[in-house]
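Single-structure report; data block below.
The values are calculated or read from the model by the stated rules, or taken from the named source; none is laboratory data. All values reported here derive from a predicted model rather than from experimental measurement. Neighbour counts run over all protein chains shown; Cβ positions are idealised from the backbone, glycine included.
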Amino acid sequence: MGTRPTVDSIVKVALDTSTEVGNRCARVLLGETSVEYVGIVGDLIPSRRRSGPIKDLSAFDVLVSDGTKDFHTLMGRASVAGVPIVLWPELSPHDDGASTVPVLHGANLATTLTAALSTHPDAAVVPGDIVHVGWTEPGKPLRKGYPLTFPEPVGNVWSTGRSEGSHVAFVDDEWGGAVINIEGPGGRRIVGVSDHAAYLEAMVLAAVGLVAAEGTLEPAIASGTTRAEQVLNKLAELELEVAVWRSTDSQ
């Protein structure tokens, strides 16, 4: 694999998409001055000044995918071109491991955004703290369960446990969010985001893609959570607003 860009350099992003999230990701990327060009893989779209259809990946710094194409096909193409891959869906744990190119998966709200919020300074855990992580998914809202408080417009909702300390809340509208709820001797604090769900997903996918495009990853298949702090910093550059609330007895 050739020399890849360093932080703050101009990058070219190849995007494999056929979903609203992927299309929104393209618009997020094109809004960044650090992105020189967004190439749409195999799509018959008109060529524009900074975007257009592509077949050859070798001139690009990262391949970002919304997961609608077969992962192994993408791996083959990226390996030949020597470019890292970023996937919106999360792969199964047995897929993590060796690879000829860097692969980051789970570049989504539930997996990587919650991990990124956990690295926020106001989410720093101290002895005695109890941490609950929550996110939204489309579905019928629950009428009981574990209460989660997201920033507006999601607000207060009921959730169900997915694993120890992790909860999912179902929403039946266009909004979505992710939140870290910390309770301990110093009081309660909440760190979270809420926005249009597809836009949030696109922001996370774009942020992980830009992290991978910096060229600092080693060849391996890993979760986007392994770069959580970098992703949070990149989301800040993309101007994603993180809300923080503290109880009056927090220090």
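Evaluation of T112 against the conditions (1) touching a residue at least 24 places away in the same chain (Cβ under 8 Å); (2) among the hydroxyl-bearing types (S, T, Y); (3) farther than 21 Å from Y199 by Cβ shows that the sole unmet condition is (3). If the condition is being in a loop (DSSP other than H, G, I, E, B), touching a residue at least 40 places away in the same chain (Cβ under 8 Å) and of a type in the set (S, T, N, Q), then the range 31-65 contributes only S34.
For the list (1) closer than 13 Å to G192 by Cα; (2) assigned to a loop (DSSP other than H, G, I, E, B); (3) not small (G, A, S), I need the number of the one condition that V133 fails. Single failed check for V133: (2).
Using the structure shown, decide if L91 is within 30 Å of A243 (Cα to Cα) and assigned to a strand (DSSP E or B). Spelling it out, it is not the case that L91 is within 30 Å of A243 (Cα to Cα) and assigned to a strand (DSSP E or B). For T68, are the conditions met, namely being under 21 Å from the mean Cα position of the chain (by Cα), outside any strand (DSSP E or B), exposed (fewer than 14 other Cβ atoms within 10 Å of the Cβ) and at pLDDT below 95? For T68, the condition - under 21 Å from the mean Cα position of the chain (by Cα), outside any strand (DSSP E or B), exposed (fewer than 14 other Cβ atoms within 10 Å of the Cβ) and at pLDDT below 95 - is met. Kindly evaluate I221 against the criterion of being in contact (Cβ under 8 Å) with a residue 24 or more places away in the chain and more than 22 Å from S65 (Cβ to Cβ). It is false that I221 is in contact (Cβ under 8 Å) with a residue 24 or more places away in the chain and more than 22 Å from S65 (Cβ to Cβ).
Could you tell me which residue of the range 1-19 is farthest from P84 (Cα to Cα), considering only residues that are among the charged types (D, E, K, R) and modelled with pLDDT under 95? Selected residue: D8. What residue, among those in the range 100-119 that are hydrophobic (A, V, I, L, M, F, W, C), touching a helix residue (DSSP H, G or I) at 6+ places or on another chain (Cβ under 6 Å) and outside any helix (DSSP H, G or I), is nearest to V21 (Cα to Cα)? So, considering only residues that are hydrophobic (A, V, I, L, M, F, W, C), touching a helix residue (DSSP H, G or I) at 6+ places or on another chain (Cβ under 6 Å) and outside any helix (DSSP H, G or I), the one nearest to V21 (Cα to Cα) is A107.
Only residues that are without any contact (Cβ under 8 Å) to a residue 12 or more places away in the chain and of a type in the set (V, I, T) were counted in the range 115-134, giving 0. Please work out if P84 is surrounded by fewer than 24 Cβ atoms within 10 Å (Cβ to Cβ), closer than 17 Å to T225 by Cα and either not assigned by TED's automatic domain parsing to the domain that holds A169 or not basic (K, R) (or both). Considered against the rule, which asks whether it is surrounded by fewer than 24 Cβ atoms within 10 Å (Cβ to Cβ), closer than 17 Å to T225 by Cα and either not assigned by TED's automatic domain parsing to the domain that holds A169 or not basic (K, R) (or both), P84 comes out as no. Considering every residue within the range 25-48, establish whether at least one is among the charged types (D, E, K, R) and touching a helix residue (DSSP H, G or I) at 6+ places or on another chain (Cβ under 7 Å). No.
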